[in-house]
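The values are calculated or read from the model by the stated rules, or taken from the named source; none is laboratory data. Because the structure is predicted, anything quoted here is derived from the model rather than measured. Cβ placement follows ideal geometry from the backbone for every residue including glycine, while neighbour counts extend to all protein chains displayed. For the accessible areas, the whole protein counts, side chains as well, though only heavy atoms, and no ligand, DNA or RNA atoms are used. Shrake-Rupley method; radii C 1.70, N 1.55, O 1.52, S 1.80 Å.
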Amino acid sequence: MNEVSLPPGRSADAFAYRAGTLHADGVPLARIADAVGTPCYVYVQRAMEARWRAFDAAFAGRRHLVCYAMKANGNLAVVRTFADLGSGADVVSEGEMRMALAAGVPAGRIVFAGVGKTAPEMAAALQAGIFQFNVESEPELEQLSAVAAGMGRTAAVALRVNPDVDAGTHAKITTGTAENKFGIEVGDARAVAAKAAALPGIALVGLAMHIGSQLTTIAPYRASFARLAGLARTLMTEDGHALERLDLGGGLGVTYDREPPIDLPAYAEAALQETAGFPGMLVLEPGRWMVAEAGVLLARIVYVKQGSLKTFVILDAGMNDLIRPALYEAYHPILPVAEPVPGAVERPVDVVGPICESADLFAAGRRLPPVAPGDLLAIGVAGAYGAVMASGYNGRLLAPEVLVRDGTFAVVRPRPNYEAMIGCDRLASWQIPPP
Ligand code: LLP
């Protein structure tokens, strides 16, 4: 039996067996399942706080701003958790910006990233008075200048540079190579910076980068930080730009299976060393690392189906609730909520959902102790890119979200109902209403 304990910066123990049943920071998951129903997401708030504090402390010697990447988990209560600690937010749409503001993140701590910001989104962000726009192309720069000048404002801009370093992660989440849609190529950066300086609505304040997600090694970071700092030096000393900020992006990896997590002190040391000659502040945009291990997707077994070749454990959660396994072949740990008895024989099973697609597979050939219909399973490391990537595919209601703290819990996103779901659509004017 493991007691729940949360050493600073560690959140892997947010979920632990106590008295034979899996708990989330003192609350039995079975109690949450009974009260809220399944499937549902469960987040441990203290684990998120421990991560944010540890990350912030790693940069203590340097002027910096942690802008939590909301795309990992944008629930209002989660973002408020970080806002209460002094966090900023990295947003990629007007919707995320509004959510950040609603959660209590000051506009002056919001960074707006993303390759396709529209003119209305730019106007909304200028109106709100955000900290920084990370601009990814020349056309975007021109558009932002036009919008800002039209409003009589100046947009603080960091140019996102593509350092052309392969992060060595999954192809769908690698962003830092020249083959990628993200950022301005290093070779073009001086020309684009010159252009930025000449545009009326733009104040060029910094450079930004983000080379990918779920990085578990330091080398690609070190190489990119060095390249970014080198470029900043050139822009400042040779081209006369007054840069105040380097935005180093996010991407810190966590342990899903057996991969080593990123070494936070080593990451911070690489960032601090490689940017030591830069006089301004650092902006950091971690998402996954802050929340992944603090969350599980809680599901109930509907059926156990014995095929001639395989055993299928069919859950009430599906790929619409957690799409990472289907989309990236991602591994997620799966734990029975009832602690397996010592010596229980594990057998390989396919853990699947109810969706009408073969891709609706959480794990193939996963070794599990004996399980039965009605049993609860926790799909682990689901706090990041889980609920935010959910859909209503197959007419399924979005799973609710629950926040746990010190032995108590709150539903921080209720399950919608079918009336609300059906009420999203309208008949066309020429269609006869149903009887
Ligand atoms: N900054 C920028 C500009 C980004 O594009 C991202 C993530 C982040 C920060 C935060 O990265 P993180 O610290 O979370 O790795 N849905 C995928 C991950 C997509 C990440 C997209 N960009 C997944 O489930 O693995």
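If you go through region 48-74 and keep only what is of a type outside the set (Gly, Ala, Ser) and open to solvent by less than 10 Å² (accessible area, probe 1.4 Å), you end up with 48, 55, 59, 66, 67, 68, 70, 73.
In region 286-301 there is no residue that is aliphatic (A, V, I, L, M), touching a Leu at 6+ places or on another chain (Cβ under 8 Å) and under 17 Å from residue 211 (Cα atoms). Residue 366 meets the conditions (1) in the same structural domain as residue 296 (by TED's automatic domain parsing); (2) open to solvent by 40 Å² or more (accessible area, probe 1.4 Å) in every case but one. The failed one is (2).
Being outside any helix (DSSP H, G or I) and touching a helix residue (DSSP H, G or I) at 6+ places or on another chain (Cβ under 6 Å) is the filter here, so list the residues in region 134-152 that pass it. Once the filter is applied, which keeps residues that are outside any helix (DSSP H, G or I) and touching a helix residue (DSSP H, G or I) at 6+ places or on another chain (Cβ under 6 Å), region 134-152 yields 135, 151. If you go through region 322-331, how many residues are assigned to a loop (DSSP other than H, G, I, E, B) and open to solvent by less than 60 Å² (accessible area, probe 1.4 Å)? Selection size over region 322-331: 3.
Of all the residues in region 24-47, those that are of a type in the set (A, V, I, L, M, F, W, C) and open to solvent by 10 Å² or more (accessible area, probe 1.4 Å) number 3.
Restricting the first member to region 58-78 and to residues that are assigned by TED's automatic domain parsing to the domain that holds residue 132, and the second to residues that are open to solvent by less than 40 Å² (accessible area, probe 1.4 Å) and not in a strand (DSSP E or B), no beta-carbon pair is closer than 8 Å while six or more apart or on different chains. The residue that is nearest to the ligand (Cβ to nearest atom), counting only those in region 58-74 that are in a helix (DSSP H, G or I) and hydrophobic (A, V, I, L, M, F, W, C), is 72. Whether a residue is touching a residue at least 40 places away in the same chain (Cβ under 8 Å) and closer than 19 Å to residue 405 by Cα was assessed, and residue 44 passes this test.
Pairs needed: first member in region 94-108, outside the structural domain of residue 128 (by TED's automatic domain parsing); second member anywhere, aromatic (Phe, Trp, Tyr) and part of a helix (DSSP H, G or I); C-beta distance under 9 Å; at least 6 residues apart or different chains. The qualifying pairs are 103/82; 105/82. Tell me, please, whether a residue that is within 30 Å of residue 309 (Cβ to Cβ) and open to solvent by 50 Å² or more (accessible area, probe 1.4 Å) can be found in region 374-391. So far as region 374-391 goes, yes, one or more of its residues are within 30 Å of residue 309 (Cβ to Cβ) and open to solvent by 50 Å² or more (accessible area, probe 1.4 Å).
Looking only at residues of region 75-90 that are assigned to a loop (DSSP other than H, G, I, E, B) and in contact with a strand residue (DSSP E or B) (Cβ under 6 Å, 6 or more places away or on another chain), we find that the one that is surrounded by the fewest Cβ atoms within 10 Å (Cβ to Cβ) is 75. Screening region 228-255 for residues that are charged (D, E, K, R) and touching a strand residue (DSSP E or B) at 6+ places or on another chain (Cβ under 8 Å) and picking the one that is surrounded by the fewest Cβ atoms within 10 Å (Cβ to Cβ) gives 244. Scanning region 277-301 for residues that are among the aliphatic types (A, V, I, L, M), in contact with a Pro (Cβ under 8 Å, 6 or more places away or on another chain) and surrounded by fewer than 24 Cβ atoms within 10 Å (Cβ to Cβ) yields a single hit, 301.
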